[in-house]
Amino acid sequence: MIVHDLAEAYLTVVHAAVASAAIAAVLVASAIVALAGAVTGLWARIGTGRRTKQPAAEYEEAA
């Protein structure tokens, strides 16, 4: 009985560790996705600013 109780306790600890690792992995992944989204949004905003200035210069040269 003692061996059975120890094995059951061991499995409980292993399951808790796996569950906490999975939760940590999800949190890290969501932080990476949020950071990537912020960087992409900033990059798109900077890129859009540059693109709006370039065609105007081309139109002025053509006129």
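The values are calculated or read from the model by the stated rules, or taken from the named source; none is laboratory data. As the structure is a prediction and not an experimental result, all values here were calculated from the model. Protein only, heavy atoms only, side chains kept; ligands, DNA and RNA dropped before computing areas. Shrake-Rupley method; radii C 1.70, N 1.55, O 1.52, S 1.80 Å.
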Seminar exercise, completed: Scanning the stretch 9-46 residue by residue, those open to solvent by 100 Å² or more (accessible area, probe 1.4 Å) and of a type outside the set (V, I, T) turn out to be Y10, H15, L27, L35, L42, W43, R45
Exercise. Mind checking which residues of the stretch 1-20 are assigned to a helix (DSSP H, G or I) and hydrophobic (A, V, I, L, M, F, W, C)?
Worked result: I2, V3, L6, A7, A9, L11, V13, V14, A16, A17, V18, A19
Seminar exercise, completed: Exactly one of I23, I46, I32 is modelled with pLDDT under 95, among the β-branched types (V, I, T), under 30 Å from the mean Cα position of the chain (by Cα) and part of a helix (DSSP H, G or I), and that one is I46
